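The values are calculated or read from the model by the stated rules, or taken from the named source; none is laboratory data. These numbers come from a predicted model, not from an experiment. Note that we place each Cβ from the backbone using ideal geometry, even for glycine, and neighbour counts take in every protein chain shown.
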Amino acid sequence: MKAIARYFSILTMILLLITCASGKKAEKKDGAMSVEEHFRLGFDAAGRRNLEEAVSEYKEVLQLDPKNSKAHLNLGIVYGRQGKWEEEISEYKKAIRIDPEFTEAYFNLGVSYNERGDLNEAIAQYQKALQFNPNYVEAHNNIGIIYFRKEKMDEALSEYRKSVEIKPDYVRGYYNLGIVYRQMKKFDEAIASFQQALEIHPKYGEAYYHLALIYYEKQKFDLAIHHSDEAAKLGIVIDPTFLERLKPYR
């Protein structure tokens, strides 16, 4: 059976809410709102998916505090949600010029390049984030995903192992390890990885599904049926062809 090459990526960018976002307090004049108030309004508007309002509020922040790196970051994220790629990238780069050690800006820049298929530049940005925060789990995970897409399995394994070493309950890391091991036909290691993911997140339907596929390949049909049924209970759509193959063993 053809392997399912599903994998997790961290494509949700980091939207920062910081009360005093830059350390600079703008005094109110004539009842005007402060930096913090505009920042909060922008954050709340983005949470409600009112993107135009969010853009307006973050621009107000930057009018009052042009060197507010976190407002540039969040404005970039909102532009990304609007599909304005050039503006998005520009805002992340502005944030980095203001704060060259701004790990979240490098990370989000990496996500943006990743989404647009520039995988080498994405890796470069994730690695810059790791220079300033070697324990940035999501950066290791996303680099692993890119290596997987490039079919560099050993490099992918290395990044995913780092992610779970840093954060032993990082369920995505174990799941992605399972994906790579399954692709490499290392089924026992894949089973152990998916089972570890399920220990952390017992309702992880995709992990059940991949275990079902592996057990089928190992001709352990009772286990394949059990894990397929568990995946279906959790809302996973099972390949009809796979279900047909299981029918003789029910």
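Observations on the structure shown:
- Inter-residue pairs, beta-carbon under 8 Å, first farther than 16 Å from ARG161 by Cβ and in segment 181-193, second acidic (Asp, Glu) and part of a helix (DSSP H, G or I), 6+ apart: PHE187/GLU217
- Residue match in segment 42-55 (condition: farther than 17 Å from ALA105 by Cα and touching an Asp or Glu at 6+ places or on another chain (Cβ under 6 Å)): yes
- Residue count for segment 62-76 under the criterion of being among the basic types (Lys, Arg) and in contact with a Ser or Thr (Cβ under 6 Å, 6 or more places away or on another chain): the result is 0.
- Taking the listed residues ASN141, ASN120, the one that is within 15 Å of the chain's Cα centre (by Cα) and of a type outside the set (Gly, Ala, Ser) is ASN141, with no other qualifying.
Here's the yes/no breakdown for (1) surrounded by fewer than 24 Cβ atoms within 10 Å (Cβ to Cβ); (2) assigned to a helix (DSSP H, G or I); (3) at positive phi:
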| site | (1), (2), (3) |
| --- | --- |
| SER90 | yes, yes, no |
| TYR106 | no, yes, no |
| ALA124 | yes, yes, no |
| ALA129 | no, yes, no |
| PRO134 | yes, no, no |
| ILE146 | yes, yes, no |
| ALA156 | no, yes, no |
| ASP169 | yes, no, no |
| ARG182 | yes, yes, no |
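- Residue under evaluation ALA197, criteria (1) free of Cβ contacts under 8 Å to residues at least 60 places away in the same chain; (2) under 16 Å from the mean Cα position of the chain (by Cα); (3) crowded, with 20+ Cβ neighbours inside 10 Å, criterion not met: (2)
- Any hit, segment 130-142, residues being acidic (Asp, Glu), touching a helix residue (DSSP H, G or I) at 6+ places or on another chain (Cβ under 8 Å) and outside the structural domain of ASN50 (by TED's automatic domain parsing): yes
- Pairs linking a residue in segment 200-217 that is surrounded by fewer than 20 Cβ atoms within 10 Å (Cβ to Cβ) to a residue that is aliphatic (A, V, I, L, M) and part of a helix (DSSP H, G or I), with Cβ atoms under 7 Å and 6 or more positions apart or on different chains, are ILE200/VAL171; HIS201/VAL171; GLY205/ALA231.
- Residue match in segment 226-233 (condition: farther than 24 Å from ASN142 by Cβ, among the hydroxyl-bearing types (Ser, Thr, Tyr) and crowded, with 17+ Cβ neighbours inside 10 Å): yes
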